[in-house]
Amino acid sequence: MISFQTQAELFAWILHRSFSAERRRSLEQLLSDFEVVWPDDLCSLIWANLVNDGRALGRPAGAQDMWVAAIAVRHGAQICTANIKDYDYLSEQVKLLPIANQVGPVLPIQAFLREHGESELSG
């Protein structure tokens, strides 16, 4: 599963990188294997708590990262990320899986990035 926020960031990345039609289709096909999870009322409450916790710890986080975290917490999932620092202060609430340890269906995304000369989804 991936969060709606992750899907949105991947689509934005496609546009930002000016992917060819073939590369877009390739990534869209890869993403079709994932269930996209959207927030419900409980997830929105979890999001608000995570944002509040970050502020209280002096680590205000971006709304995007907190949506990914809230979806993970709501569904008992881990966050697979190369940016542990974005979530490390929430370690009591959020389960993290560093990208180097990823297994299962996330590996195709890593392979796609390497195939297209990318190491991460940064701007």
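In the list 11, 19, 4, which residue meets the criterion of being open to solvent by 60 Å² or more (accessible area, probe 1.4 Å) and of a type in the set (Phe, Trp, Tyr)?
Checking each option against the conditions leaves just 11.
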Given the options 80, 43, name the one that is crowded, with 16+ Cβ neighbours inside 10 Å, in contact with a helix residue (DSSP H, G or I) (Cβ under 8 Å, 6 or more places away or on another chain) and at pLDDT below 85. 80
Go over the candidates 72, 100, 48 one by one and state the one that is surrounded by 15 or more Cβ atoms within 10 Å (Cβ to Cβ), among the small types (Gly, Ala, Ser) and either at pLDDT below 85 or part of a helix (DSSP H, G or I) (or both). 72
Only one of (1) charged (D, E, K, R); (2) closer than 23 Å to residue 91 by Cβ; (3) not in a helix (DSSP H, G or I) does not apply to residue 55, and that is (3)
Any chance you could count how many residues in region 1-29 are among the polar types (S, T, N, Q), assigned to a helix (DSSP H, G or I) and in contact (Cβ under 8 Å) with a residue 24 or more places away in the chain? 4
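The values are calculated or read from the model by the stated rules, or taken from the named source; none is laboratory data. Please read all numbers here as calculations on a predicted model, not as lab measurements. In this analysis, Cβ positions are derived from the backbone assuming ideal geometry, glycine residues included, and neighbour counts consider all displayed protein chains. Each accessible area value is taken on the protein alone, full model and side chains, heavy atoms only, with ligands, DNA and RNA left out. Shrake-Rupley method; radii C 1.70, N 1.55, O 1.52, S 1.80 Å.
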